[in-house]
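K.L.:
Attaching a single structure in structure tokens format; questions to follow.
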Amino acid sequence: MSGNEKKSKTPLCFKSVKSLRVQYEANTTVWERHIRKQDFQFSRQKRNVAIIVDNCTAHNQPENLKAIEIVFLPPNVTALLQPLDQGTICDFKRKYKKMVVKDLIKVLDRNEKLEVSVLDAINYEHKSWSSVSSRSVSNCFRHAGFIAESEEILSEDIIDPESLETLL
């Protein structure tokens with residue numbers, strides 16, 4: 001996310017892949033383009049959204065956003081205040097590792113070797129994130145000190161794991 005590393009627009013591991021379950025982009029303007037796309041989507045839905053980000057140098061403040069407000073965390077407090085660090089990432093990793101271990105056991109039972117491609121890892125990531133509940137994400141926001149005025153804010157309609165997926 002720093003923008004310092006260049007990625008191939010068509011990595012070899014994707015050469016025969018027709019579609020991915022996640023968005024892949026390879027340039028230094030990914031953050032701003034993603035935020036603008038989200039802003040357009042939220043504007044059409046007539047939603048106002050605050051996106052909370054750490055002070056990573058890749059996270060800039062795009063101008064003229066209509067539905068999104070970017071809120072930057074102060075330096076050196078990410079682990080204390082960032083909701084994803086309060087348990088969501090741990091939950092995601094636990095689900096990811098469980099999936100890999102299940103597949104490992106299957107191949108070991110067949111006396112084979114587990115080979116995980118980048119595409120396999122992306123699929124594990126997608127399945128793992130999809131299985132993280134909205135309630136889990138809501139609880140992490142609450143634990144990080146973001147207190148909702150009503151339980152409505154903690155509903156699945158408001159905190160959407162699909163929208164948070166790219167921030168992981």
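Readers should treat all values here as calculations from the given coordinates under stated rules, not as data from a laboratory. Because the structure is a prediction, the values reported are computed rather than measured. Here Cβ is always computed from backbone atoms with ideal geometry, including for glycine, and neighbour counts include all displayed protein chains.
K.L.:
Which far-off residues, 5 or more places away or on another chain, put their amide H under 5 Å from the one on ILE52, with H placed in the peptide plane?
P.N.:
Counting only residues 5 or more places away or on other chains, the set is VAL71.
K.L.:
Tell me which residues come under 5 Å, amide H to amide H, from ILE68 once H is placed; ignore anything under 5 positions away on its chain.
P.N.:
VAL49
K.L.:
Set the Förster distance to 45 Å, then compute FRET efficiency between ASN64 and MET99 from the Cβ-Cβ distance, nearest 0.05.
P.N.:
0.65
K.L.:
Shifting gears a bit: Report the label-to-label distance for GLU112 and PHE72 in nanometres (one decimal), using points 7 Å from each Cα along the Cα→Cβ vector.
P.N.:
With each label placed 7 Å out from Cα toward Cβ, I get 5.0 nm.
K.L.:
Counting other Cβ atoms within 10 Å of each Cβ, which GluC sites (Glu not before Pro) in the range 80-145 have at most 11 and sit in a DSSP loop? Write out the running numbers ahead of the final one.
P.N.:
Values: sites: GLU112, GLU115, GLU125; in loops: GLU112, GLU115.
Filter output for the range 80-145: GLU112, GLU115.
K.L.:
Restrict the search to the range 77-149; then list the trypsin sites (Lys or Arg not before Pro) that DSSP places in a loop and that have at most 16 other Cβ atoms within 10 Å of their Cβ.
P.N.:
ARG110, LYS113
K.L.:
Then there is this: Going down the table (LYS15/LYS102; LYS15/LYS106; LYS66/LYS127; LYS102/LYS127; LYS98/LYS127; LYS15/LYS113), which pairs top 21 Å between alpha carbons?
P.N.:
The pairs that break the limit, which is 21 Å between Cα atoms, are LYS15/LYS102; LYS15/LYS106; LYS66/LYS127; LYS15/LYS113.
K.L.:
Right, another one. Apply the Karplus curve 6.51 cos²θ - 1.76 cosθ + 1.60, θ = phi - 60°, to the phi angles in the range 95-105 and return the couplings in whole Hz, x for Gly and Pro.
P.N.:
5, 4, 5, 4, 5, 5, 5, 4, 5, 4, 4
K.L.:
Okay, moving on. Over the range 26-72, what is the relative contact order in whole percent, taking alpha-carbon pairs under 8 Å and six or more residues apart?
P.N.:
45 percent
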